[in-house]
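Presented below is the structure to which this report refers.
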Amino acid sequence: MIMADDLAEQVRRLLIADFARIAVATVSIAIGCGSLLVQWLRRKTQNLLRLWFGLLAVLYGYRTLLMTESAGYFLSQRAIAFQIGLITFTIGIPAILFGWGLVAQKQNRVIRSLIALNAAMAVTFLLLHSNVEALGALYTVNNILVITFTLAIVVYLFVVPAERVPDLKTLRIVMLVWGLFVIHNNVRQWLPESSADFEFIGFAIFLCSLAFLVAQRSLRTEEALASIRNELEIARRIQASILPESMPQLRGVTVAARYWPMSQVAGDFYDFLAMDERRVGVLIADVSGHGVPAALVASMVKVAIAAQAEHADDPAKVLAGLNSILSGKLQGQFVTAAYLFLDLEAGIARYSAAGHPPLMHYVAAQSRVNDVVENGLILGVMPWASYETKVLTIGPGDRFLLYTDGVLEANKDGEEFGDARVKNILARPLVADELCDSVGSEVSAWSRGAAGDDITVVAVAVA
C-alpha cells in the first residue's frame, strides 16, 4: 500500500512538473490537426499556408511531449532522442514555408536554398545519428540556421513596406517575441548551466497569435470567394437573359436548343433572326476560353447579331457583319460561328460558317446524314475576311443539327465522342426536343458527366 502511495505521489509530481509542456503540446497538436483538416476540406485552393502551419504545430507539439519527463514511461531514452532529433531537423521545412508564406507571395532563391539545406540536414541526421561528434556539429549548424532565419524574418518585417504584408503590425510583435524565445533557446548551450528552456512558452504565445492570424486570413479569403460566387451567379443570370426566351414558331418546322455551360458562365451562344413564320435564321457561336471573359464576348456577339437583321437571309453577309464588328475588340480571343437560314416557302436552306464544326443535315429522302462544310476564317481576327454561302434543298422529314465542339470533344479514356456518334443520334426518328436531349444525355454518359468544354446544340426538324 505504501509503495502504491509512493508511486501515485511520484506520478503526481511528475505530471505537475510536466503540466505546462503537456498543456502547450496538447493545444499545439489540436490546433495543428484543426488547421490540417481545414486545409484538406479546402484542398482545391492553391494557398498552402494552413498546411505548413498545421505541420509546424503538430511537429512542435509532439516534440514538446517528447521533452517531458513523462515520455520516459512510454519510450526509451534512445527512441526519444532519435525522434526529437528527427523532428528538429525536419521541422524547419514547414517553419520556413509558413514563415515566408506569411510575409511574401512567392518563394525566392534564398528560401528554396534554405529548404534544400534543411532537407540535406535531415538526411544527414538519419545517416549519422549514432555518431556523437557528427550529431553535435549538426545541431550547431541547425542552431545557426534557426537563428539566422529568425533574425532575417524579423528584420524583413521591420523594413518591408506596410502595404506589401497583411497584418504587418501584429506580425512584427508576434515574430519579435517569438524570435527572442527562439534565439534564447538556440544560444542556451553557450549560456550558464542555470539557463532554462522557455521556448515552449514563447511557442504557446506564437501559436495562439498566428492561429488567430491564419483564421482571420482564411475568413477574409472565404468572404472574398463568397463575393466572387455571388458575382458569378449574377453574371450567370445576366448571360441566361441574353439567350432566346423561346423558340421560333414556324409552320411545318420545330426548333429546339439546349445549353450546358461547363462553369457558371460560359462562351457558347445561340440566337435566331426570324423574318416571318416561314423564314428564320439560326446562329450558333463558340467563344474561345471559358468563364467571365468568354461570357463577355458572347454578350458582344448578341449585340452584333441583332445588327444583322436586315440581311438575315444571307449567311455570308451575316458572318461578315459579325466579323467586322468583333475584329479588334476581343483582346486575343476569337469566335467560331455557324449560321443557317431556312426559307420554307422556297424549300431551301442557306448555310455559312466561320471556323465552326460542320452542320449536320439528315436527308430523309436518302436516309443519310451529310456533313455540310462551308467554313471561312474565325471571327474577330481579320476584319477583311469574307465568307461564302452554300445552298441546300429542304425536304419533308429533314433534320438539321448545329452544335459546338464540346459535343465532339467529350472524352472518355482518351477517346473523343466524335461525329459518327452524333450522326447516329441524328439519324433516329426524333423530334427536335428529343434530338437535343439525346445528344446531351449521350455526351454526358460518354464523358461520365465531366464535360471538358461548354456544350450547345440547336436542332431543326422539318415536318
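Read the figures in this text as sums done on the coordinates, not as results from a lab. Given the structure is predicted, the values throughout are model-derived calculations rather than measurements. FYI the Cβ positions are ideal-geometry reconstructions off the backbone, even for glycines, and counts take in every protein chain you see.
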Phi-based couplings in Hz for the range 442-448 (Karplus 6.51, -1.76, 1.60; Gly and Pro marked x): 6, 5, 5, 5, 5, 8, 6
The range 397-442 versus the range 373-392: alpha-carbon centroid distance in Å: 24 Å
Whole-Hz ³J(HN,Hα) from phi, Karplus 6.51 cos²θ - 1.76 cosθ + 1.60, for the range 368-380, glycine and proline x: 9, 10, 10, 7, 10, 10, 8, 10, x, 5, 4, 7, x
Anchor K317: lysines whose Cα lies under 28 Å away (excluding residues fewer than 8 positions away in-chain): K302, K329, K390
For the range 413-426, Karplus couplings with θ = phi - 60° (6.51, -1.76, 1.60), whole Hz, Gly/Pro x: 6, x, 9, 7, 4, x, 6, 4, 5, 5, 4, 4, 5, 5
Cα centroid of the range 276-306 to Cα centroid of the range 76-90, whole Å: 66 Å
Charge sum, other residues only, whose C-beta stays under 15 Å from S246's C-beta, Lys/Arg counted +1 and Asp/Glu -1: -3
Loop GluC sites (Glu not before Pro), the range 244-344 (other Cβ atoms within 10 Å of the site Cβ: 15 or fewer; DSSP): E245, E277
Coil-residue chymotrypsin sites (Phe, Trp or Tyr not before Pro) of the range 344-393, DSSP, other Cβ within 10 Å capped at 14: W384
